[in-house]
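The values are calculated or read from the model by the stated rules, or taken from the named source; none is laboratory data. From a predicted model like this one, the values you see are computed outputs, not experimental measurements. In this analysis, Cβ positions are derived from the backbone assuming ideal geometry, glycine residues included, and neighbour counts consider all displayed protein chains. Protein only, heavy atoms only, side chains kept; ligands, DNA and RNA dropped before computing areas. Shrake-Rupley method; radii C 1.70, N 1.55, O 1.52, S 1.80 Å.
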Amino acid sequence: MARLTIDSTWKKYGEFLALRDINLDIRDGEFVVLVGPSGCGKSTLLSIIAGLEETSYGTLTLGERDVTDLSAKDRNIAMVFQSYALYPTMTVRQNITFGMENRRVPKDAQKKVVADVARLLQIEPLLDRKPSQLSGGQRQRVAMGRALVRDPQLFLFDEPLSNLDAKLRVEMRTEIKKLHKRLGQTIVYVTHDQIEAMTLSDRIVVMNGGVVQQFADPDTIYREPANKFVAGFMGSPSMNFIDMEVEGRQNDIRLVYRSNGAELAIPLGRRHEELLPYVGGKVTIGARPEHFVLDSKQDGTLVPVSARVEVVEPTGPDTMLVFQVADLSLVAVLPANFRPAEDEVINLLLDLEHVCFFDPETTVRIPRI
Amino acid sequence: MPDTDTLPDFNRKKPFNPRRFATRVAVYSILIVVGLFTIMPLAVILLNSLRFNADILRESFIGWPTRITLENWDVAWSSACINASCTGVKPYFIASMLMVVPATLISTAIGLVNGFALTKWKMPFASVVFVAITIGVFLPPQVVLLPWAIALSWLGLSKSLAGLALVHIIQGTCFTTLFCRNYLVNLPDDLIKAARIDGAGFFRTFWKIVVPLSPPIIIVTIIWQFTFIWNEFLFAVTFSSSDFRPITAALMSLNADDTGVSEYGFGSAAVLIAAIPPLLIYFFGGRYFVRGLTQGAVK
Ligand SMILES: Nc1ncnc2c1ncn2[C@@H]1O[C@H](COP(=O)(O)OP(=O)(O)O)[C@@H](O)[C@H]1O
Ligand SMILES: [Mg+2]
């Protein structure tokens, strides 16, 4: 167990900057998830932490040690790969003990550790099988077992669940979380799945284009995204964005969207103050699908929106609705029993209390007042 | 619920299609003719090795044996004359074996290490080295003949078994490296990364992870190298002498006896003896050869 500090770290591949000025301070025992679209540099960052790649600039500190120039085997780190990377010609037991053999751990100690880990992960009956004789979920467990026997200072996971089917993925997700609760290890976990990120993490690092967009706890990431990218990436279905004119004067500001005669107007009510500096200009409003509601029982500032139903998609627990306002196509998530007909015009209420506003130039979220 | 207890008729016959049938007949006829042409030389030699030389000369070179004898094989193996020493091909066969087996194994081993280093280890200038090695594959052997002659005399290995083996090891390494590189490039990088995190260095990763995954390509390379070196003629003639002569070089002198009579009978037997090792290798390894060439490292 240890704290990991990544300080102004850059990575260049030729002229391509894969990572730009990464600064992360990960606490002892914390479960941190790196999330971002494919190619944003998550695996690169993980490889750098593991010592499989060198930094082009910057320093890494693990526990009390500066590990920047240490090789992978000297860092006391364990890693679980997306492909599991089990050695195909070795049995499960040999897979698990290979690292200990290399570190010349005495046979007796190896036996004991293998037994402990096998019991913990319930892979005892599999120890003498080859990886090719295991199911996806079992391979996943073995890969975790191989990492656990090291008793490392830091665990790294690179999209460990993305090769499992949906049901198993949810089960393993829960197990990993339980395991973390029980062992209390520091974990850096990479995924492109924002639900995994939300459910597993103590804190989330959202990355894009090799740059950290935001490093915060899941609630903050979801409710107060640092910018439009984070807001759009986290949450499914995605947040609806509308670029709107800011009109009016103090205490009476409205957002207006006009197109071909159609108009959407949103009086800001209680939230007018934050947008005062933008009067006469534009802002991007970001409304999550659940920010549209049907009835006005909730408190908050509800703005009526007249919507023409385009597509109704029942998902089981909810109804997903694609609807048209002016010439915009937006998405709402509504209670399951709500099943309007297509092309029907309905009245939705937008809960202004929770929507976000972004500066259209910088895409940064305008802070609440 | 569908009814899955009564089975349908699985043995339905496809209706007869005359056009398809005609195409089949045509294709098979062509294949049979081509096949016969291919097998003909081998068949002629095999039959001649069982005929008396007098019969071959009297009747015809291509012909069915009227009388059968195994004497040719005996003569070819142990008493036929080559350059005035009448020992048969036996010593040359043994010399070839002693040269070919180590050359094959060593060049295969080097190729595998090279392939690993070129694909899975951060080797400086890996792509340049690989291009250089590939050029070696396409270089005509005549070009390197003279440089090798000079190099071998410097090393004091001129016209010796070790010298010829060395030539084949180094020439062959281009091929074995190419084969092994192309096979190992498909080995998942994650395996090597996992091994690094597990604390394994270059040779330990090679020995414990790469080699156990490589039997298909090892077999391919061994078959290729063995047949190539065994059958090779140019280097064998150039870098051999009466002290050491591989069987391909020896066969050339077999027919030249002072009587001027062509010895087709034991000549055929000698040729067949020389062809046995590669034939056996193909016979037992051919399946693996095809499989190894088409198969990736890890599915
Ligand atoms: N060895 C490499 N050489 C050159 N470019 C690389 C290398 N590894 C990764 N990249 C590039 O760096 C970027 C980030 O890659 P990666 O970290 O694998 O993304 P992610 O894991 O987030 O999908 C990608 O654009 C990728 O093409
Ligand atoms: Mg990745």
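All of (1) within 14 Å of chain B (Cβ to nearest Cβ); (2) part of a loop (DSSP other than H, G, I, E, B); (3) closer than 28 Å to A:Asn163 by Cβ hold for A:Phe98 with one exception: (2). Taking the stated definitions as given, is A:Thr362 over 22 Å from A:Thr220 (Cβ atoms), open to solvent by 60 Å² or more (accessible area, probe 1.4 Å) and among the polar types (S, T, N, Q)? Taking the combined requirement at face value, the residue does not satisfy it.
Annotation note: Cβ proximity below 9 Å between a residue of region A:72-89 that is facing chain B (nearest Cβ under 8 Å) and crowded, with 19+ Cβ neighbours inside 10 Å and a residue that is assigned to a helix (DSSP H, G or I) and of a type in the set (Phe, Trp, Tyr) (sequence gap 6+ or interchain) occurs for A:Tyr87/A:Phe98. None of A:Leu19, A:Leu24 is touching a Phe, Trp or Tyr at 6+ places or on another chain (Cβ under 7 Å), near ligand 1 (Cβ under 9 Å from one of its atoms), among the aliphatic types (A, V, I, L, M) and open to solvent by less than 60 Å² (accessible area, probe 1.4 Å) except A:Leu19. Residues that are of a type in the set (D, E, K, R) and part of a strand (DSSP E or B) within region A:1-26 comprise A:Asp7, A:Lys11, A:Lys12, A:Arg20, A:Asp21, A:Asp25, listed in sequence order.
Cβ-Cβ distances below 9 Å connect the following pairs, each with a first residue in region A:13-27 that is of a type in the set (Ser, Thr, Tyr), a second residue that is within 9 Å of ligand 1 (Cβ to nearest atom), and a separation of six or more residues or different chains: A:Tyr13/A:Thr44. When A:Arg93 is tested against the conditions (1) more than 13 Å from chain B (Cβ to nearest Cβ); (2) modelled with pLDDT of 95 or more; (3) surrounded by fewer than 19 Cβ atoms within 10 Å (Cβ to Cβ), the lone failure is (3).
The number of residues in region A:299-329 being under 29 Å from the mean Cα position of the chain (by Cα) and either outside the structural domain of A:Asn347 (by TED's automatic domain parsing) or assigned to a loop (DSSP other than H, G, I, E, B) (or both) comes to 4. Screening B:Val298 against (1) at pLDDT 90 or above; (2) not in a helix (DSSP H, G or I) leaves a single unmet condition, (1).
Please go through region A:53-76 and pick out each residue that is part of a loop (DSSP other than H, G, I, E, B) and over 20 Å from A:Gly210 (Cα atoms). Spell out the reasoning first.
In the first step, residues of region A:53-76 are kept if they are part of a loop (DSSP other than H, G, I, E, B); the result is A:53-56, A:63-64, A:67-71, A:75-76.
Correct list: A:Gly63, A:Glu64, A:Val67, A:Asp69, A:Leu70, A:Ser71, A:Arg75, A:Asn76.
Say whether the condition of being among the basic types (Lys, Arg), away from ligand 1 (no atom under 16 Å from the Cβ) and farther than 16 Å from A:Arg3 by Cα is met by at least one residue in region A:47-68. Scanning region A:47-68 turns up no residue that is among the basic types (Lys, Arg), away from ligand 1 (no atom under 16 Å from the Cβ) and farther than 16 Å from A:Arg3 by Cα. When each of A:Arg182, A:Arg173 is tested for being over 29 Å from A:Glu361 (Cα atoms), without any contact (Cβ under 8 Å) to a residue 24 or more places away in the chain and over 12 Å from the mean Cα position of the chain (by Cα), the lone residue that passes is A:Arg182. For region A:130-152, the set of residues classified as under 16 Å from A:Met90 (Cα atoms), assigned to a loop (DSSP other than H, G, I, E, B) and within 13 Å of chain B (Cβ to nearest Cβ) consists of A:Lys130 only. Out of region B:186-230, which residues are facing another protein chain (nearest Cβ under 7 Å) and among the acidic types (Asp, Glu)? Selection gives B:Asp190, B:Asp198. Considering only residues in region A:27-49 that are touching a Lys or Arg at 6+ places or on another chain (Cβ under 9 Å), buried (at least 20 other Cβ atoms within 10 Å of the Cβ) and part of a loop (DSSP other than H, G, I, E, B), the one that is farthest from the other protein chains (Cβ to nearest Cβ) turns out to be A:Gly36. Determine whether A:Tyr57 is of a type outside the set (D, E, K, R) and either open to solvent by less than 50 Å² (accessible area, probe 1.4 Å) or within 14 Å of another protein chain (Cβ to nearest Cβ) (or both). Taking the combined requirement at face value, the residue does not satisfy it. Each residue in region A:236-273 was checked for being modelled with pLDDT of 90 or more, within 19 Å of A:Arg365 (Cβ to Cβ) and not in a strand (DSSP E or B), and 2 pass. Filtered by the rule that a residue be in a helix (DSSP H, G or I) and open to solvent by less than 70 Å² (accessible area, probe 1.4 Å), region B:53-72 gives B:Asn53, B:Ala54, B:Asp55, B:Ile56, B:Asn72.
Residue by residue, here is whether (1) over 21 Å from B:Val113 (Cα atoms); (2) buried (at least 18 other Cβ atoms within 10 Å of the Cβ) holds:
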| position | (1), (2) |
| --- | --- |
| B:Met123 | no, no |
| B:Ile150 | yes, no |
| B:Lys159 | yes, no |
| B:Val167 | no, yes |
| B:Leu178 | no, yes |
| B:Val185 | no, no |
| B:Gly201 | no, no |
| B:Pro212 | no, no |
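Of all residue pairs spaced 6 or more apart or on separate chains, those with beta-carbon atoms under 8 Å, a first member in region A:209-226 that is of a type in the set (Phe, Trp, Tyr) and a second member that is within 16 Å of ligand 1 (Cβ to nearest atom) and in a loop (DSSP other than H, G, I, E, B) are A:Tyr222/A:Met234. Please verify whether A:Leu52 is open to solvent by less than 20 Å² (accessible area, probe 1.4 Å), within 16 Å of ligand 2 (Cβ to nearest atom) and closer than 13 Å to B:Ala195 by Cβ, treating the condition exactly as stated. Yes: the conditions hold for A:Leu52.
Inspect all residues belonging to region A:16-23 and state whether any of them is away from ligand 2 (no atom under 15 Å from the Cβ), away from chain B (no Cβ under 14 Å) and at positive phi.
Start the filter on region A:16-23 by keeping residues that are away from ligand 2 (no atom under 15 Å from the Cβ), which leaves A:16-17, A:20-23.
Next, only the ones that are away from chain B (no Cβ under 14 Å) stay: A:16-17, A:20-23.
Next, from what is left, pick out any that are at positive phi: A:21.
Taking every residue of region A:16-23 in turn, at least one turns out to be away from ligand 2 (no atom under 15 Å from the Cβ), away from chain B (no Cβ under 14 Å) and at positive phi.
In region A:192-215, which residues are farther than 20 Å from A:Asn227 by Cα and either within 16 Å of ligand 1 (Cβ to nearest atom) or surrounded by fewer than 22 Cβ atoms within 10 Å (Cβ to Cβ) (or both)? The answer is A:Glu196, A:Thr199, A:Asp202. Of all residues in region A:216-256, those being open to solvent by less than 40 Å² (accessible area, probe 1.4 Å) and within 22 Å of A:Ser306 (Cβ to Cβ) number 9.
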